[in-house]
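First comes the structure, then the notes that go with it.
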Amino acid sequence: MKKSTCGNTEQAGEILKIYRLNAGMSTRKAAEGTDHHYTTIGKIENGQRRVDVREYFQLVRKYGVSNEQALADLAYRGVIEKD
């Protein structure tokens, strides 16, 4: 099965970094309980690695952000189109 990825890698990563910092987490803390090394979190945030939809929402939940807010932020930044 093909993975769905967030369209604009840099914008999605910037959003995730803002969420992480607002949650008061380091990349090491953010990586705990996920399938990712902390350096992978940094690469996602810096636009050096694509993030798939499952990964994006796994991190969003970890940072305490609602799915609705995350979708609104993606739409605002032009990563996804809002209906």
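Report, in debye and to the nearest 20, how large the dipole of the chain comes out about its Cα centre when Lys and Arg carry +1 and Asp and Glu carry -1 on their Cβ.
The calculation lands at about 280 debye.
Any idea how far apart residue 22 and residue 77 come out in nm if each label point goes 7 Å out from Cα toward Cβ?
1.1 nm
Residue by residue through the range 52-69, which ³J(HN,Hα) values in whole Hz follow from phi under the Karplus form 6.51 cos²θ - 1.76 cosθ + 1.60 (θ = phi - 60°), with glycine and proline marked x?
3J(HN,Hα) across the range 52-69, in whole Hz: 7, 4, 4, 4, 4, 6, 4, 5, 4, 4, 4, 7, x, 9, 6, 4, 4, 5.
Viscosity 0.692 mPa s, temperature 37 °C: what is the translational diffusion coefficient of the chain from Stokes-Einstein with a Kirkwood Rh over Cα pairs, rounded to a whole number of µm²/s?
Details: Rh = 12.6 Å.
D, rounded to a whole number, is 261 µm²/s.
How much length, in nm to one decimal, is gained on full extension between residue 10 and residue 46, taken as 0.36 nm per residue of separation minus their Cα-Cα distance?
Numbers: separation 36, 0.36 × 36 = 12.96 nm, distance 0.64 nm.
Gain in length upon complete extension: 12.3 nm.
FYI, it's all coordinate maths here, none of it is from the lab. Since this is a predicted model, take the numbers as computed values, not measurements. Glycine gets a Cβ as well: all are built from the backbone with ideal geometry, and neighbour counts include every protein chain shown.
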